[in-house]
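For reference, the structure discussed in these notes is given below.
Every number here is computed from the coordinates shown, using simple stated rules; none is lab data. None of the values given here were measured: they were computed from a predicted structure. Positions of Cβ are generated from backbone atoms using ideal geometry, with glycine treated the same way; all protein chains shown enter the neighbour counts.
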Amino acid sequence: MKTKLASGFILVAAIGFAGAALAHEMDLDQDGLYSYAEMLTEYSDLTQEDYDALDTNTDGAVDAEELAAAIDSGALPAME
Ligand SMILES: [Ca+2]
Ligand SMILES: [Ca+2]
């Protein structure tokens with residue numbers, strides 16, 4: 001039982017890590033923000049309007065928190 005729980009935890013941690021790595025990869029200039037051009041590399045059908053909607057604090061860029069919130073709410077599909 002303990003072993004089963006432990007392996008489940010490792011699996012979840014590995015999936016979380018893979019998602020973070022992909023998001024990091026999408027940030028082409030590594031400034032911690034996802035520009036519209038950078039978002040298009042992963043979400044090719046994203047419109048400027050969609051992008052503006054993701055920028056919930058309206059600072060002109062989508063940050064990791066806004067990206068995670070969009071994926072959590074289903075506004076964006078999770079990266080694979
Ligand atoms: Ca960037
Ligand atoms: Ca923002």
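Screening the range 52-68 for residues that are more than 9 Å from ligand 2 (Cβ to nearest atom) and of a type in the set (A, V, I, L, M) and picking the one that is surrounded by the fewest Cβ atoms within 10 Å (Cβ to Cβ) gives Ala53.
Go through the range 62-79 and count every residue that is assigned to a loop (DSSP other than H, G, I, E, B) and touching a Gly at 6+ places or on another chain (Cβ under 9 Å).
Initially, the range 62-79 is screened for residues assigned to a loop (DSSP other than H, G, I, E, B), giving 74-79.
Remaining after also requiring touching a Gly at 6+ places or on another chain (Cβ under 9 Å): 78-79.
Final tally of qualifying residues: 2.
Of the residues making up the range 23-51, those that are more than 14 Å from ligand 2 (Cβ to nearest atom) and charged (D, E, K, R) are Glu25, Asp29, Glu42, Asp45, Glu49. Filtered by the rule that a residue be within 14 Å of ligand 1 (Cβ to nearest atom), part of a loop (DSSP other than H, G, I, E, B) and in contact with a strand residue (DSSP E or B) (Cβ under 9 Å, 6 or more places away or on another chain), the range 29-59 gives Gly32, Ser35, Asp55, Asp59.
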